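A short worksheet on the structure shown next.
The values are calculated or read from the model by the stated rules, or taken from the named source; none is laboratory data. Bear in mind that the values here come from a model prediction, so they are computed numbers and not experimental data. No Cβ is skipped: glycine too gets one built from the backbone with ideal geometry, and neighbour counts run over all protein chains shown.
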Amino acid sequence: MSSLYLLVKNKGGIVVRPKNGSGAKMGNRDKTNDVLVLTPVETAKLLRIGRGTLYEQIRLGLIPHIRIGKKILIPRAALMKMLEGAKGDG
């Protein structure tokens with residue numbers, strides 16, 4: 001199963017873009033840079049991890065997030081900053 005999104009590095013940092021020809025439909029969110037927050041499901045797909053793994057990482061405080069009532073949202077800018085700062089294991 002392939003990802004519907006690409007992480008693309010440019011002058012402004014890392015941005016999330018749908019893959020060309022992937023059939024990814026963003027609805028009213030045509031410009032991913034305009035989306036301030038992601039849902040846990042969107043974040044899990046973007047990171048190519050399972051929902052359970054994502055919620056565990058949120059619970060451990062390893063994924064930046066905010067709660068509004070019972071709703072969990074992941075700020076896109078904080079997630080991208082976290083990914084930029086990540087170092088490879090190899």
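This table checks each residue for (1) modelled with pLDDT of 95 or more; (2) surrounded by 15 or more Cβ atoms within 10 Å (Cβ to Cβ); (3) polar (S, T, N, Q).
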residue	(1), (2), (3)
V41	yes, no, no
T53	yes, no, yes
R67	yes, no, no
D89	no, no, no
Set I49, I74: member being in contact with a Leu (Cβ under 9 Å, 6 or more places away or on another chain) and modelled with pLDDT of 90 or more: I74
Given the criteria more than 11 Å from the chain's Cα centre (by Cα), modelled with pLDDT under 60 and not small (G, A, S), does R29 qualify? yes
